[in-house]
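Some notes on the structure that comes next.
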Amino acid sequence: MSHALVSLVTLVALLVFFWTGLRVGRARGTYGIKAPATTGHEEFDRYFRAQMNTLEGLVIFLPALWLFALFGNEQVAAGLGGVWIIGRILY
C-alpha cells in the first residue's frame, strides 16, 4: 500500500499550517507587533489564534488520519482529511 492519498492530505494540511504562519507574519508587519509578542492589535490576535488553533488541531488530526488510513479505509480517511482542511481554510 502506498497511502498516496493520505500522504497528499498530510502535505496539504502542513501547507495550510505554513500558510497561516505567513498570514501571521504579514499581520505582524501590518499591525506593528514585534516578535516574540503574541498579543497586541485585535486583528493580529485573530490571525495568531487561528494559527495556534490549527497547530493544536494538527497534533490530533495527523495521527488520527494515519491510524484510520492504516487500520480502516484510506479513501475515507483522505476524504475526512479533506473536510478538515477545508474547515481550517474557512475558519
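The values are calculated or read from the model by the stated rules, or taken from the named source; none is laboratory data. Because the structure is a prediction, the values reported are computed rather than measured. Cβ sites come from the backbone with ideal geometry, for glycine too, and all protein chains shown count toward neighbours.
Here the condition is being surrounded by 13 or more Cβ atoms within 10 Å (Cβ to Cβ), out of contact with any helix residue (DSSP H, G or I) (no Cβ under 7 Å at 6 or more places or on another chain) and part of a helix (DSSP H, G or I); of Leu65, Leu80, it holds for Leu80 alone.
Taking (1) without any contact (Cβ under 8 Å) to a residue 40 or more places away in the chain; (2) within 21 Å of Val83 (Cα to Cα) in turn, Phe48 satisfies each apart from (2). The set of residues in region 10-35 being surrounded by fewer than 16 Cβ atoms within 10 Å (Cβ to Cβ), over 19 Å from the mean Cα position of the chain (by Cα) and modelled with pLDDT of 95 or more consists of Gly29, Thr30, Tyr31, Gly32, Lys34.
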